[in-house]
1. Could you tell me whether any residue of segment 131-150 is of a type in the set (Ser, Thr, Tyr) and open to solvent by less than 50 Å² (accessible area, probe 1.4 Å)?
2. I need the full set of residues from segment 156-195 which are farther than 23 Å from Cys119 by Cβ, in a helix (DSSP H, G or I) and open to solvent by less than 80 Å² (accessible area, probe 1.4 Å), in order please.
3. Scanning for something loosely packed, with under 11 Cβ neighbours inside 10 Å, in contact (Cβ under 8 Å) with a residue 40 or more places away in the chain and hydrophobic (A, V, I, L, M, F, W, C), does segment 47-65 turn up at least one residue?
4. Which of (1) surrounded by 10 or more Cβ atoms within 10 Å (Cβ to Cβ); (2) closer than 25 Å to Asp135 by Cβ is the odd one out, the single condition His44 does not satisfy?
5. Any residue in segment 25-43 that is free of Cβ contacts under 8 Å to residues at least 12 places away in the same chain sitting within a Cβ distance under 9 Å of a residue that is exposed (fewer than 13 other Cβ atoms within 10 Å of the Cβ) and of a type in the set (A, V, I, L, M, F, W, C)? List the pairs, counting only those 6 or more apart or interchain.
6. Quick check, is Trp107 outside any loop (DSSP other than H, G, I, E, B) and at positive phi?
7. In segment 104-130, what count of residues is obtained for those that are more than 22 Å from Gln145 (Cβ to Cβ) and either of a type in the set (D, E, K, R) or buried (at least 20 other Cβ atoms within 10 Å of the Cβ) (or both)?
8. Within the group Trp107, Trp89, Trp117, which residue is under 30 Å from Phe194 (Cβ atoms) and at pLDDT below 80?
Amino acid sequence: ERAVARPLSPGSPRASEVVMRGLVPRTANAKDPHDTLQAIEGFHVTRLEWIYTTAKHKEFIAKVRALGCTYHGAGCNDSALPENAGSNWSLRTSTIDRDGNPLVASWMRTWKPPRYWMCLNNPEARAAQLRYMKDQADLGLDGLQRDEPGWQSVTANCGGCFCEHCMAKFRAWLVKNTTAEQRARLGIGDPQSFD
């Protein structure tokens, strides 16, 4: 079969680009054997992607660009955790299971401290996420990636979210999308107090 060119989205890598995922600027500490800048040089990387960035990385961004590489930041559901927030903020804004416990993604259960997944229906969490992404954009990055953009809908498969904000939205959905007869068959009395 013959390869056929297809239209690409704006900002897509060109065929000539060498793309590397960074996640975090490395060398992160003295025990870390990895060095992002050395890897960029060694593999002739032209595009550094998927790297969680804050204002403290300005010098690192400048070094990446000095190597002729573009820099693309990233954010995921829990990356907006304010550095000085403490666990109370994280618990207050996390997705919640039916028993009121915060949800932790299966691959993050052993992380210290635990990384709770923020509920983007929570206004405080949503504002923090938007602020985090705006702060990256203000650094003048070449692009931004939103990792795990469907997390809020995926929570249903993970046991949540049953926080007050999600429950308020679900109650509104019940009123709009079901009849009183349907709710009665399901054993739901007043949808405004459904829990």
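1. Yes, some residue in segment 131-150 is of a type in the set (Ser, Thr, Tyr) and open to solvent by less than 50 Å² (accessible area, probe 1.4 Å).
2. Start the filter on segment 156-195 by keeping residues that are farther than 23 Å from Cys119 by Cβ, which leaves 178-187, 189-190.
So of that shortlist, the ones also in a helix (DSSP H, G or I) come out as 180-185.
Within segment 156-195, Ala180, Gln182, Arg183, Ala184 meet the criteria.
3. Among the residues of segment 47-65, at least one is loosely packed, with under 11 Cβ neighbours inside 10 Å, in contact (Cβ under 8 Å) with a residue 40 or more places away in the chain and hydrophobic (A, V, I, L, M, F, W, C), which makes the answer yes.
4. (2)
5. Correct list of pairs: His34/Ala28.
6. No, not satisfied.
7. Within segment 104-130, residues that are more than 22 Å from Gln145 (Cβ to Cβ) and either of a type in the set (D, E, K, R) or buried (at least 20 other Cβ atoms within 10 Å of the Cβ) (or both) number 4.
8. Values: Trp107 fails: under 30 Å from Phe194 (Cβ atoms); Trp117 fails: at pLDDT below 80.
Only one candidate passes the filter, namely Trp89.
The values are calculated or read from the model by the stated rules, or taken from the named source; none is laboratory data. Owing to the predicted nature of the structure, the values given are computational and were not obtained by experimental measurement. Glycine also receives a Cβ, built like all others from the backbone with ideal geometry; neighbour counts cover every protein chain displayed. Heads up: the accessible areas ignore ligands, DNA and RNA and are worked out on the full protein's heavy atoms, side chains in. Shrake-Rupley method; radii C 1.70, N 1.55, O 1.52, S 1.80 Å.
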